[in-house]
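K.L.:
The structure follows.
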Amino acid sequence: MEKYFKKLIDRLEVENLRLQNTNDRLRREADKLKRENAKLRSAVADLAGDRVNVCKVLGERMKESEGRQ
């Protein structure tokens, strides 16, 4: 019986290590995705800001050209 419990404990320890490795890998992947998400959000915000600025400039130019006609 003692031998059986020893084998069972060994198997559980191996399974525990496997799960810890999987957890670590998934945590690293989640952190990587969070960093990529932050970069993409920043890029989108920059792009949106640039578009707003371009629209403002173009809008002002349109008003100026309409006033000259």
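The values are calculated or read from the model by the stated rules, or taken from the named source; none is laboratory data. Just so it is clear, the model here is predicted, and its values are computed rather than measured. A quick note on method: Cβ atoms are made from the backbone with ideal geometry, for glycine too, and the neighbour counts reach across all protein chains shown.
The rows are residues; the columns are (1) of a type outside the set (Asp, Glu); (2) in contact with a Phe, Trp or Tyr (Cβ under 8 Å, 6 or more places away or on another chain); (3) surrounded by 10 or more Cβ atoms within 10 Å (Cβ to Cβ).
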| residue | (1), (2), (3) |
| --- | --- |
| Tyr4 | yes, no, no |
| Ile9 | yes, no, yes |
| Leu12 | yes, no, yes |
| Glu15 | no, no, yes |
| Arg18 | yes, no, yes |
| Asp24 | no, no, yes |
| Ser42 | yes, no, yes |
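K.L.:
Identify, from the list Arg35, Arg51, Arg61, the residue that is out of contact with any Ser or Thr (no Cβ under 6 Å at 6 or more places or on another chain), at pLDDT 95 or above and not aromatic (Phe, Trp, Tyr).
P.N.:
The match here is Arg35.
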